[in-house]
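Here's the structure we're looking at; comments come further down.
The values are calculated or read from the model by the stated rules, or taken from the named source; none is laboratory data. Everything quoted here is computed from the prediction, not taken from an experiment. Here the Cβ positions follow ideal geometry from the backbone for every residue, glycine too, while neighbour counts run over all protein chains shown.
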Amino acid sequence: MKKIKFTINGKEYFAKKGETVLDVALREKIEIPHLCKHPDLKIKGNCRMCLVEAGGQITTACSTEVLPDLTIKTNTKEVERGRKINLELIFSEHIEKCPTCLYQDNCTILKYAAKYNVKIARFEDRKKNFPVWQFSDSIQFDSSKCIDCRNCEEVCREKQACSFYEITEDKGEDQIIKPKGEANGNQKLETRNQGVDLLKNDPNKFDCTYCGQCVTHCPVGAIAGVSHWQAVEKLLQNKNGKVLIAEIAPSIRVSIGEEFGQDYGKIMTGQLAASMKALGFDYAFDVNLGADFTTYEEAKELVKWITEDKPRPMFTSCCPAWVKFVEFFYPEFISHLTSANSPHMCSGPVIKTFFADYLKKDPRDIEIVSIMPCTSKKHEIGLEKHRIDLGWCLERLDLPNIASVCQSRGGLAGIKVPAVDHILTTREYAFLLHKNKIDLPNLKPIDLDRPLGVSSGAGAIYGASGGVMESALRSADYFFRVLDETGSLDPVIKGENYKLKKKRFSKISQSRIEFREARGQAGIKTARVKVGGRKLNIAVANGLGNAKKILEDLKAGRVKYDYVEVMACPGGCIGGGGQPIPTNAEIRAKRAAALYEIDKNLPVRTAHENPSVLEVYNKYFKGDEELIEHVLHSKFKVKEREGYKEV
Ligand code: FES
C-alpha cells in the first residue's frame with residue numbers, strides 16, 4: 001500500500017491510509033497530549049487536549065486523518081494556548097480528590113497541568129455537588145470527577161453490550177454521563193423468579209456486570225474499583241492473632257510490573273511473593289492452584305456433559321462478570337454454565353479447611369486477600385453461595401485439629417465464613433506497595449509458599465483469553481482416555497494419577513497438552529478439536545459484546561458448539577477491569593505471551609498431574625462426590641436488577 005508523506009514540525013513522516021496525526025505521533029514518539037483517545041474505542045474528539053496546527057488550522061490530532069503533504073505543527077503558541085485553556089476547563093469539571101485517588105502517582109491531567117503551567121483552580125469547580133454512585137461492592141463512579149469524555153458510555157454499550165450508562169438529554173454543559181434509570185434507593189426492584197420472558201426485548205432493563213471496563217477506559221480516574229486496601233492495611237497493622245494470607249491471580253504476575261515502570265509482560269512472580277512477605281502477610285499463595293482445581297472439576301464436568309449428551313454448549317463460568325451477564329440478560333442459558341467454582345473460590349475453601357487444619361487454626365482466624373485483575377471479584381466474594389458452611393465441613397471432612405481448636409469456642413455448627421475476605425485489584429496492590437515504599441522490581445525474588453504455591457502451566461494460562469478452555473481440554477483429553485480405558489471416571493474422582501501407572505503405549509499416556517486453537521486476541525475464536533478421541537466444536541469469546549453475538553447465534557440456531565469459554569474483558573483477565581492503565585491490544589498481547597512462556601517452562605503443565613491437587617482428592621475428598629460438589633461447585637440463579645446507589 002502506498003504510504004502518505006507529510007511533515008510534523010518540519011520533519012518528514014509516512015502514514016498509512018486512514019491513519020490520524022495522533023496515530024503517527026504515538027508511533028513516532030512525538031508528544032501530543034491526549035485524554036479521550038483510546039485505541040479500543042471510536043474517535044470522539046471530546047477532551048480537545050490533542051490540539052495541533054494542521055495546514056494552518058487548529059484542530060484535534062486524534063480526528064485529523066493524514067493527507068499527502070499535510071503540514072503539522074505540534075507546538076505553536078496558539079496550539080499551546082488552546083491546550084492550556086482546554087485543560088483549565090477540564091479541571092473545572094474534575095474535582096481533585098488526589099489524596100484518595102489511586103492515580104495520584106500516575107495522574108495524566110496533573111502531569112499535563114505541570115507541563116503547561118496550568119492553574120488548576122482558574123475556573124470554579126462546577127461539579128462540586130455532583131454525586132458518587134456505587135454499583136454493588138465493585139465500582140464507584142464519582143461524577144464530580146467526570147470530564148464527560150463518554151468513553152465509559154461507549155465501552156459499556158458497544159463493547160460490553162450492557163448500556164448501563166447514559167448521556168442525559170440536557171443541552172450544553174448540563175449534558176452529563178450517569179448510570180441509567182433511577183438510583184436503587186428510589187426504585188422498587190422487580191422480583192423475578194423464572195424471569196426468562198420478562199427480560200426479553202425490554203429496553204428498560206439494564207444492569208452492571210462490574211467488569212470494570214469503564215474504569216480502564218476512563219482517562220481521569222472518575223470511575224474506580226471500590227477500595228479494599230484500607231481494610232487490608234488495617235489488618236496488616238494489627239493482626240490480632242489472625243493468620244493473613246495473600247494469593248495472586250494468574251495474570252497479576254505479568255502486569256503489575258507496569259505500575260513500577262517495567263516492560264509490558266515482565267514476569268514478576270518471585271518479586272510478588274517477596275512483596276507479600278514484606279508487607280507482612282504470613283503466607284504468599286498462588287491462585288493458580290485454585291485454577292487447577294477449577295480445571296479438574298470443569299474438565300470432569302465436560303466429559304460427563306458430552307457422554308450424557310446434555311444440551312450444548314457447556315459454558316465456562318469462572319468470570320463473575322460473564323456469569324452476571326448470563327444471569328441477568330440470558331437466563332435461558334444459566335443451566336449451561338459449568339458449576340465449577342472460579343479459581344480463588346476453589347483455593348479459598350481449601351485454605352479455610354485443609355490448610356487451617358494443617359495450621360491448627362480456627363478458620364475464623366484466617367483472612368484471605370486475593371490480588372486480582374478484576375473489579376467484579378469484589379462483588380463475587382460477597383455472594384451468599386460462596387460462604388463456607390464450617391459446621392457442615394467439619395462433619396464431612398477429616399479435620400481433627402480444627403475440631404479440637406474450635407471446641408473451646410463452642411464448635412462451628414451453623415457458622416459460615418466468606419471463602420475470600422478481601423479483593424485488591426492489581427492497581428490497588430501496587431498502590432499499597434508504593435504507599436509502603438516497597439520497590440517491587442528491586443525485591444529479591446522468592447518462591448511462593450508451599451504446599452499451596454504448587455501449580456501447573458494450565459493454571460498459569462487462565463489469565464489469557466482461551467486459557468481456561470485450553471486448560472480444561474488438556475485434562476478432558478486425559479479424562480476421556482481414562483474413561484475409555486477403564487470404563488469409568490472413578491480414578492479421576494479419587495485423584496489417582498492414572499497416567500503414571502500406565503505403560504508407555506497406553507492411550508492415556510499419550511494425552512494432548514497444547515490446544516493452540518483457543519489462543520490469541522481475536523474477539524471470537526472457533527475451532528473443531530479432537531479431545532480424547534471425540535470431535536468437539538469449541539468457541540472462545542472475550543468481551544461481553546462478542547459473547548452476546550455467540551448467544552444470539554446459538555438462540556437462532558445459526559451455530560452449534562459443544563464447549564464455549566467467555567471472559568468479559570478484552571483479551572481475558574490480562575485486560576481486566578483491575579489491571580494497570582493503559583491497557584490496549586498491544587499491551588494485552590504482551591501480557592498473554594508472558595503467561596504462555598510461564599506455562600511452557602513449568603515442569604507440570606496439566607491440572608490432573610499437579611501433586612497438590614491429587615493429594616487433596618486422594619487424602620481429603622476420598623472419592624466423595626457430594627463433598628467435592630459442596631466445596632468446589634456453585635449454583636446460579638436469575639438475577640434481579642441490582643442497579644446502583646448514591647454514597
Ligand atoms: Fe483528541 Fe481527546 S484525545 S480530543
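A compact table of results
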{"item": "Condition check for Ser347: among the polar types (S, T, N, Q) and not in a helix (DSSP H, G or I)", "result": "no"}
{"item": "Near pairs, Cβ below 6 angstrom, 6+ apart or cross-chain, from the stretch 245-268 (within 14 Å of Gly463 (Cβ to Cβ) and of a type in the set (A, V, I, L, M)) to any residue that is at pLDDT 95 or above and part of a strand (DSSP E or B)", "result": "Ile248/Ile371; Ala249/Met372; Ile252/Ile371"}
{"item": "Residues that are outside any loop (DSSP other than H, G, I, E, B) and either more than 13 Å from the ligand (Cβ to nearest atom) or within 20 Å of Ile90 (Cβ to Cβ) (or both), drawn from the stretch 7-24", "result": "Thr7, Ile8, Lys11, Glu12, Tyr13, Phe14, Ala15, Leu22, Val24"}
{"item": "Tabulated pairs, the stretch 6-28, first in contact (Cβ under 8 Å) with a residue 24 or more places away in the chain and polar (S, T, N, Q), second loosely packed, with under 15 Cβ neighbours inside 10 Å and part of a strand (DSSP E or B), C-beta under 9 angstrom, 6+ apart or interchain", "result": "Thr7/Thr71"}
{"item": "Residue under evaluation Cys62, criteria (1) closer than 30 Å to Cys214 by Cβ; (2) more than 14 Å from the ligand (Cβ to nearest atom); (3) not in a loop (DSSP other than H, G, I, E, B), criterion not met", "result": "(2)"}
{"item": "Hey, Gly270 part of a loop (DSSP other than H, G, I, E, B), more than 20 Å from the chain's Cα centre (by Cα) and small (Gly, Ala, Ser) or not", "result": "no"}
{"item": "Members of the stretch 47-56 that are more than 6 Å from the ligand (Cβ to nearest atom) and buried (at least 17 other Cβ atoms within 10 Å of the Cβ)", "result": "Leu51, Val52, Glu53, Ala54"}
{"item": "Within the stretch 95-130, considering residues that are out of contact with any helix residue (DSSP H, G or I) (no Cβ under 7 Å at 6 or more places or on another chain) and aliphatic (A, V, I, L, M), the one surrounded by the fewest Cβ atoms within 10 Å (Cβ to Cβ)", "result": "Ala114"}
{"item": "Exclusive hit being within 12 Å of the ligand (Cβ to nearest atom), out of contact with any Asp or Glu (no Cβ under 6 Å at 6 or more places or on another chain) and either touching a residue at least 24 places away in the same chain (Cβ under 8 Å) or part of a loop (DSSP other than H, G, I, E, B) (or both), set Pro68, Pro33", "result": "Pro33"}
{"item": "Matching residues, the stretch 614-637, being outside any helix (DSSP H, G or I) and not hydroxyl-bearing (Ser, Thr, Tyr)", "result": "Lys622, Gly623, Asp624, His633, Lys635, Phe636, Lys637"}
{"item": "Which numbered condition Ser92 fails, given (1) among the hydroxyl-bearing types (Ser, Thr, Tyr); (2) surrounded by fewer than 22 Cβ atoms within 10 Å (Cβ to Cβ); (3) touching a Leu at 6+ places or on another chain (Cβ under 7 Å)", "result": "(3)"}
{"item": "Condition met for Asp449 (closer than 19 Å to Glu297 by Cα and surrounded by 15 or more Cβ atoms within 10 Å (Cβ to Cβ))", "result": "no"}
{"item": "Within the stretch 71-87, considering residues that are surrounded by 16 or more Cβ atoms within 10 Å (Cβ to Cβ) and part of a strand (DSSP E or B), the one nearest to the ligand (Cβ to nearest atom)", "result": "Ile72"}
{"item": "Selection status of Ile147, at pLDDT 90 or above, within 16 Å of the ligand (Cβ to nearest atom) and in contact with a helix residue (DSSP H, G or I) (Cβ under 9 Å, 6 or more places away or on another chain)", "result": "yes"}
{"item": "Condition broken by Arg122, with the remaining ones in (1) of a type in the set (D, E, K, R); (2) touching a residue at least 40 places away in the same chain (Cβ under 8 Å); (3) more than 13 Å from the ligand (Cβ to nearest atom) satisfied", "result": "(2)"}
{"item": "Residue list for the stretch 311-354, restricted to those being of a type outside the set (A, V, I, L, M, F, W, C) and over 15 Å from Lys637 (Cα atoms)", "result": "Pro311, Arg312, Pro313, Thr316, Ser342, Pro343, His344, Ser347, Gly348, Pro349, Lys352, Thr353"}
{"item": "Test result for Lys42, over 19 Å from Arg150 (Cβ atoms) and either within 14 Å of the ligand (Cβ to nearest atom) or surrounded by fewer than 19 Cβ atoms within 10 Å (Cβ to Cβ) (or both)", "result": "no"}
{"item": "Residue in the stretch 101-144 that is modelled with the highest pLDDT, counting only those that are in contact with a strand residue (DSSP E or B) (Cβ under 9 Å, 6 or more places away or on another chain) and among the aliphatic types (A, V, I, L, M)", "result": "Ile139"}
{"item": "Positions within the stretch 591-608 being in a helix (DSSP H, G or I) and crowded, with 17+ Cβ neighbours inside 10 Å, in sequence order", "result": "Arg591, Ala592, Ala594, Leu595, Tyr596, Ile598, Asp599, Ala607, His608"}
{"item": "Test: residue in the stretch 396-416 that is within 30 Å of the chain's Cα centre (by Cα), within 24 Å of Asn288 (Cα to Cα) and not in a helix (DSSP H, G or I)", "result": "no"}
{"item": "Pairs where the first residue, in the stretch 49-63, is within 16 Å of Ala15 (Cβ to Cβ) and the second is acidic (Asp, Glu) and within 12 Å of the ligand (Cβ to nearest atom), C-beta under 7 Å, 6+ apart", "result": "none"}
{"item": "Positions within the stretch 487-505 being in a loop (DSSP other than H, G, I, E, B) and at pLDDT 75 or above, in sequence order", "result": "Gly487, Ser488, Leu489, Lys494, Gly495, Glu496"}
{"item": "Yes/no for Val405 being under 23 Å from Leu235 (Cβ atoms) and touching a residue at least 60 places away in the same chain (Cβ under 8 Å)", "result": "no"}
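Quick grid of which residues meet (1) of a type in the set (Gly, Ala, Ser); (2) closer than 17 Å to Ala291 by Cβ; (3) at pLDDT 95 or above:
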site: Gly453; (1), (2), (3): yes, yes, no
site: Gly459; (1), (2), (3): yes, yes, no
site: Tyr462; (1), (2), (3): no, yes, yes
site: Ser465; (1), (2), (3): yes, yes, yes
site: Leu473; (1), (2), (3): no, yes, yes
site: Val482; (1), (2), (3): no, no, no
site: Ile508; (1), (2), (3): no, no, no
site: Arg512; (1), (2), (3): no, no, no
